[in-house]
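Structure first, commentary second.
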Amino acid sequence: DAGVIQSPRHEVTEMGQEVTLRCKPISGHDYLFWYRQTMMRGLELLIYFNNNVPIDDSGMPEDRFSAKMPNASFSTLKIQPSEPRDSAVYFCASSPPGRGGSLGTQYFGPGTRLTVL
Amino acid sequence: GNSVTQMEGPVTLSEEAFLTINCTYTATGYPSLFWYVQYPGEGLQLLLKATKADDKGSNKGFEATYRKETTSFHLEKGSVQVSDSAVYFCALGTSNTGNQFYFGTGTSLTVIP
């Protein structure tokens with residue numbers, strides 16, 4: 001399996017522009033997570049989906065951020081308009097359903113490094 | 001609520017030294033516990049896990065034992081190598097929060113020859 005695929009790997013944009021980050025989860029995984037990582041705040045969960053349905057978006061910082069999962073093999077995280085403080089590494093992760101009461105392990109993509117000038 | 005507290009870094013060790021990275025947790029219910037590793041420029045990778053009390057997870061010479069009585073899951077390795085230099089994250093997940101994980105702040109390890 002190719003693992004979790006994210007694109008682009010690097011994105012540099014100017015303040016005010018729209019940014020779209022993309023994620024393809026591992027086939028058969030029914031959970032998908034979006035995280036943001038910065039030096040100051042560490043790893044933060046932004047939103048997660050189960051079977052393409054958003055379950056918890058309480059980590060989404062503000063209305064400028066939105067996420068969609070139109071099907072089981074694709075998700076997007078959009079920032080509109082972007083601001084310099086959005087500069088971070090954004091990770092997508094997916095996991096299979098748990099079995100026998102055990103949680104499914106999360107598998108992370110390589111991340112998208114976003115720089116907003 | 002659910003949370004993980006990790007040993008502050010950075011940690012610098014000489015090659016072949018013994019490594020311990022402390023991790024304690026607070027959880028509702030019966031959590032599963034994980035250690036992830038992040039190499040420079042990469043995403044997080046699962047290093048090991050334990051799903052119930054007294055379980056020991058192990059991988060690549062690393063070990064951690066799920067201690068319910070002390071709510072801990074400390075990571076250990078008997079002899080570190082330069083290639084172990086990375087950031088290590090402790091995490092927990094509970095079935096009553098879907099498949100959501102709670103991550104610690106990460107501990108940076110540098111191993112010098």
Report summary line: Looking across region A:31-44 at residues that are hydrophobic (A, V, I, L, M, F, W, C) and either part of a loop (DSSP other than H, G, I, E, B) or within 7 Å of another protein chain (Cβ to nearest Cβ) (or both), the single one that is surrounded by the most Cβ atoms within 10 Å (Cβ to Cβ) is A:Leu43
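Tell me, which strands (runs of 3 or more DSSP E) wholly within region A:67-117 include 3 or more residues that are within 14 Å of another protein chain (Cβ to nearest Cβ)?
The qualifying strands (runs of 3 or more DSSP E) are A:88-95.
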Report task. Could you check B:Tyr25 against (1) within 12 Å of chain A (Cβ to nearest Cβ); (2) under 26 Å from A:Asp56 (Cα atoms) and say which number it fails? Result -> (1)
**Report entry** Test for B:Glu42: is it in a loop (DSSP other than H, G, I, E, B) and charged (D, E, K, R)
**Finding:** yes
Query raised in the report: For residues in region A:1-17 being under 16 Å from the mean Cα position of the chain (by Cα) and part of a loop (DSSP other than H, G, I, E, B), which is surrounded by the most Cβ atoms within 10 Å (Cβ to Cβ)?
Result: A:Val4
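This table checks each residue for (1) more than 11 Å from chain A (Cβ to nearest Cβ); (2) surrounded by fewer than 15 Cβ atoms within 10 Å (Cβ to Cβ); (3) touching a Ser or Thr at 6+ places or on another chain (Cβ under 8 Å); (4) within 24 Å of A:Pro25 (Cβ to Cβ).
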residue: B:Ser3; (1), (2), (3), (4): yes, yes, yes, no
residue: B:Gly43; (1), (2), (3), (4): no, no, no, yes
residue: B:Leu75; (1), (2), (3), (4): yes, no, yes, no
residue: B:Val80; (1), (2), (3), (4): yes, no, no, no
residue: B:Tyr88; (1), (2), (3), (4): yes, no, yes, no
residue: B:Thr94; (1), (2), (3), (4): no, no, yes, yes
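Among the residues of region A:48-57 satisfying the criterion of being without any contact (Cβ under 8 Å) to a residue 24 or more places away in the chain and part of a strand (DSSP E or B), which is surrounded by the most Cβ atoms within 10 Å (Cβ to Cβ)?
Pass one, region A:48-57, residues without any contact (Cβ under 8 Å) to a residue 24 or more places away in the chain: A:48, A:50-57.
Checking the rest, the ones that are also part of a strand (DSSP E or B) come to A:48, A:50, A:53-56.
Values: A:Tyr48: 25, A:Asn50: 17, A:Val53: 8, A:Pro54: 14, A:Ile55: 16, A:Asp56: 16.
The qualifying residue surrounded by the most Cβ atoms within 10 Å (Cβ to Cβ) is A:Tyr48.
For A:Met60, state whether it is assigned to a loop (DSSP other than H, G, I, E, B), among the hydrophobic types (A, V, I, L, M, F, W, C) and surrounded by 15 or more Cβ atoms within 10 Å (Cβ to Cβ). Give the steps one after another, and end with the answer.
Details: assigned to a loop (DSSP other than H, G, I, E, B): yes; among the hydrophobic types (A, V, I, L, M, F, W, C): yes; surrounded by 15 or more Cβ atoms within 10 Å (Cβ to Cβ): yes.
In short, yes.
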**Report entry** Meets criteria (within 11 Å of another protein chain (Cβ to nearest Cβ) and assigned to a loop (DSSP other than H, G, I, E, B)) for B:Gly98
**Finding:** no
Query - The lone exception for B:Gly57 - which of (1) in contact with a Cys (Cβ under 8 Å, 6 or more places away or on another chain); (2) within 12 Å of chain A (Cβ to nearest Cβ) it fails - result: (1)
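Laboratory data are not the source of any read-out in this text; all were calculated from the coordinates shown. These numbers come from a predicted model, not from an experiment. We place every Cβ from the backbone using ideal geometry, glycine too, and count neighbours over all the protein chains shown.
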